[in-house]
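What follows is one structure encoded as structure tokens, with my remarks underneath.
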4 protein chains.
Amino acid sequence: MTTDKPGAGHNSGDDEQQTTRIGGIAAEALRSFIERIERLHEEKKALEGDLKDVYAQCKSQGFDTKIIKRLIALRRIDPQAREEGAQLLALYAAAIGEQLPLNL
Amino acid sequence: MTTDKPGAGHNSGDDEQQTTRIGGIAAEALRSFIERIERLHEEKKALEGDLKDVYAQCKSQGFDTKIIKRLIALRRIDPQAREEGAQLLALYAAAIGEQLPLNL
Amino acid sequence: MTTDKPGAGHNSGDDEQQTTRIGGIAAEALRSFIERIERLHEEKKALEGDLKDVYAQCKSQGFDTKIIKRLIALRRIDPQAREEGAQLLALYAAAIGEQLPLNL
Amino acid sequence: MTTDKPGAGHNSGDDEQQTTRIGGIAAEALRSFIERIERLHEEKKALEGDLKDVYAQCKSQGFDTKIIKRLIALRRIDPQAREEGAQLLALYAAAIGEQLPLNL
């Protein structure tokens, strides 16, 4: 294990902090990346938990979560693209003789 | 390595073929499972390739693959459930003042 | 559209705010759920962007992101379970004659 | 609905069969694509069912399915890349002081 002037990862590069290199690996840089990634995964997991809770509340109040998800997906599409998509869907359905409800 | 009467995985159990046990592991059984799983993954990968090809052909013939996927998803839902979903979607959209095209 | 005492989703239930009901749907409750879900998705998307940035920085500093992901996955497993998993993996590999590096 | 000389999807293009066009859509071409895609999804679903069965048999014979999946994942990597990955993993683990079993 050597402690020398800055260097990161395998290739040399400038890195202000004093760097401990283990087998050529900039240990502090690697540790800090790993800890940042782990923190982000923790936050993401917490958000997924919150999402699950909100959907559970929706259900408990009698809402249909599938329809809520569908509505949220549609809200992400700009209205004009939604309109064009709906028309094309109706056209494709008619072309193959598929009976689609007016609004689904 | 011992070759003895049938035994499976770790726990003893009856297995017709002569079993070679390595560290208590029924080697033939393990190998056959692994090879079956690998074959199934190969077949699945081939199917995914075929799907990709078909969608590429759709595109090359001017079809909108997103709409095709949407139509296929709808065809999986039984017509009555589709109808109910469409009505509920319209109701939810109206409740929050979201303007949805008649059919999308 | 009727404005009446609290009711939620489809089924009646108590809900402090004055509720506007559209086709039996508690509009405010639905809107608030949808907005909360959309905010959580936004936050999640931001986190995924941050993760992508960190991995890009890892790469730019010469680290192998696949190995970082593998190390992070292993850090999630408690050391004893890791040890047992490693031994079983070695056993299964030996049983089918698969040559595995000592530590991978 | 018009029946005219070959045309595909929206844009004109050569297509041997007589084509029924609905709103400019080549109905037979669309139907045949959709049915091919649906068949491929059916086959894929059947394969996934087979995979599930094989893993259930593994379990019933005392094998650890997580370790089997890990071994199968490793078998997909060419031995030399596996070896290099293992060494780099050991190096990264040592750099951040993470104790990894010899073979996991």
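The values are calculated or read from the model by the stated rules, or taken from the named source; none is laboratory data. The shown structure was predicted, so the numbers you read here are calculated from the model rather than taken from an experiment. For neighbour counting, all protein chains shown are included, and Cβ atoms are generated from backbone atoms with ideal geometry for every residue, glycine included. Please note that ligands, DNA and RNA were not included when accessible areas were found on the heavy atoms of the full protein model with its side chains. Shrake-Rupley method; radii C 1.70, N 1.55, O 1.52, S 1.80 Å.
Here are the numbers:
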{"read-out": "Residues located in region C:15-41, provided they are at pLDDT below 95 and exposed (fewer than 14 other Cβ atoms within 10 Å of the Cβ)", "value": "C:Glu16, C:Gln17, C:Gln18"}
{"read-out": "Where a residue in region D:29-47 is at the interface with another protein chain (Cβ under 7 Å from one of its Cβ atoms) and its partner, wherever it lies, is surrounded by fewer than 16 Cβ atoms within 10 Å (Cβ to Cβ) and not in a helix (DSSP H, G or I), with Cβ under 9 Å and at least six apart", "value": "D:Ala29/D:Gln17; D:Arg31/A:Gly97; D:Glu38/B:Arg76"}
{"read-out": "Enumeration of residues in region D:73-89 that are facing chain C (nearest Cβ under 9 Å) and open to solvent by less than 40 Å² (accessible area, probe 1.4 Å)", "value": "D:Leu74, D:Arg82, D:Gly85, D:Ala86, D:Leu88, D:Leu89"}
{"read-out": "Unmet requirement for B:Gly7, which otherwise passes all of (1) at the interface with chain D (Cβ under 10 Å from one of its Cβ atoms); (2) modelled with pLDDT of 70 or more", "value": "(2)"}
